[in-house]
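Below is one structure; the comments refer to it alone.
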Amino acid sequence: RWVNAERLYGMFHIAGAILLSSLPAIDNPDTFFWVLLLTMMFYMPTLALAITVAYSSMKNKGMDIIKDYPPVRVWGTIGFIVALWTVSLLGFETSPLQFYVAAAASLVLGIYAFTLPKCPPLARGHKKKLVEELGLNAFKLFKSTKMALFFIFAMLLGAALQLTNAYGDTFLHDFAKIPEYSDLLAVKYPAIIMSVSQISETLFILTIPFFLKRFGIKKVMLMSMVAWVLRFGLFGLGNPAEGLWMIILSCIIYGMAFDFFNISGSLFVEAQSTPDIRASAQGLFMMMTNGFGAFLGSRISGIVIDKFFTLDTGAFDWKGIWFAFAGYALVVAVLFAIFFRHKHVPEETANISH
């Protein structure tokens, strides 16, 4: 309403950098939790703000965001890979020093954000209702059965994303407790192995324009859901030795699982929203996936693992855990195929106007 999106983006990252740099000095678990929570409160809005700035700038240049956005977005994933390798090779995976690396990157990004193309609020100077001021008018999208179902399934897929984020590295780290696996590359540097997921992501991002225009959002998201089933299932079958190829294949499949849901979903929301609520709609999409979805995925999976997949010795039944996650993704895919209705019109994605 009052601040350009790119400036808000920069301010949030600078604030996040300050908070991240303070985390290593905190030795009280409760204080650590609240400072980390505050850090995430600054960080999470930047996901939607980045999309808003990118889409707005591209539209102002007369670019086709379906075709031109993915090649730009791919650089974010490359940055993710660089961060993973840096932290892993420096030996910071289990060290608080990783927060200093994150703080430095956040500070540089925050300062750089002020050089981005200007993205002023729409209709600045016009009187708005409180609902509009707070960005809550995007919730009117729930009046559409199609969009309501889309956001619900986005939340369920957000839970799947949280499962892989929360347990992927832990799964590989756990093999260090088994002598025959402890000296293997995948166990010593799990972040590097997991970065294959992001390398795959960079490739699948570039295929989104073709798949989205050719098949439409329903089929593309179904591909994502099937990919999640395979992602979890292959983790359940693999190990860092002779089964390493399954873990690597799972990481390759992750590219489709993530991109065909996260990036394609964002583009779909853009196409289904009017210009006055697009920024808020992107925020709503992020809230459903990385907010409610991540929270539910984290909380429910923790309860399920503690109750059903934790052995008397305290070790985890990883095979059972991953197969349970695969079953969850399969159920979501079947329900999505049955209940989500959307007629694909190629021109709809080709002509998203600002």
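The charge dipole of segment 138-340, taken about the Cα centre with unit charges on the Cβ atoms of Lys, Arg (+1) and Asp, Glu (-1), comes to about 920 debye, rounded to the nearest 20. Remark: segment 1-120 is approximated by an ellipsoid whose semi-axes, taken from the C-alpha gyration tensor as √(5λ), come to 29, 18, 10 Å, largest first.
Say the cut-off is 19 Å between C-alpha atoms; which of Lys59/Lys146; Lys188/Lys307; Lys59/Lys118; Lys146/Lys219; Lys140/Lys218 go over it? Violating the 19 Å Cα-Cα cut-off are Lys59/Lys146; Lys188/Lys307; Lys140/Lys218.
Per residue, the convex hull around the alpha carbon atoms of segment 252-349 comes to 125 Å³. Determine the distance separating the Cα centre of segment 93-111 from the Cα centre of segment 149-184; give it in Å without decimals. Value for the Cα centre distance between the two parts: 23 Å. In this calculation the C-beta distance from Met11 to Lys61 is compared with R0 = 25 Å, giving a FRET efficiency of 0.50.
Taking the Cα centre of the chain as reference, the dipole from Cβ charges on Lys and Arg (+1) and Asp and Glu (-1) amounts to some 1680 debye.
The residues packed around Gly265, meaning those with a beta-carbon under 12 Å from its beta-carbon, carry a net charge of -1 if Lys and Arg are +1 and Asp and Glu are -1. Taking the fewest neighbouring Cβ atoms within 10 Å as the starting point, the ordered list for Glu93, Glu242 is Glu242, Glu93. Percentage of Cα-Cα pair distances in segment 218-290 greater than 18 Å, rounded to whole percent? For segment 218-290, the share of Cα pairs beyond 18 Å comes to 50 percent.
Look at the alpha carbon pairs under 8 Å that are at least 6 residues apart: their mean separation over the length of the chain gives a relative contact order of 24 percent. Sequence-ordered 3J(HN,Hα) estimates for segment 84-100 from the Karplus curve with 6.51, -1.76 and 1.60 and θ = phi - 60° stand at 4, 5, 4, 5, 5, 5, 7, x, 9, 4, 10, 10, x, 5, 4, 5, 5 Hz, glycine and proline given as x. Residues Leu109, Leu97, Leu156, arranged from fewest to most other Cβ atoms within 10 angstrom of their Cβ, appear as Leu97, Leu109, Leu156. At an R0 of 35 angstrom, the distance between the Cβ atoms of Ser21 and Lys140 translates into a FRET efficiency of 0.30.
Sorted ascending by nearby beta carbons within 10 Å, beginning with the fewest, Arg341, Arg7 become Arg341, Arg7. In the chain, the ratio of gyration radius to Kirkwood radius, Rg to Rh, stands at 0.96 when only Cα atoms are counted. What relative contact order, as a whole-number percentage, does segment 138-340 give when Cα pairs under 8 Å and 6 or more residues apart are counted? It comes to 34 percent, rounded to a whole number.
Dipole orientation for the chain: of the candidates Ala324, Ser264, Phe80, Ser264 has the Cα lying most toward the positive pole (charges on Cβ; Lys, Arg +1; Asp, Glu -1). The relative contact order of segment 1-120 comes to 54 percent, based on Cα pairs under 8 Å that sit 6 or more residues apart.
Any read-out appearing in this document is the output of simple, stated calculations on the displayed coordinates, not a laboratory observation. Everything numeric here is computed off the predicted structure, so don't read it as measured data. Heads up, the Cβs are rebuilt from the backbone with ideal geometry, glycines too, and the neighbour counts pull from every protein chain shown.
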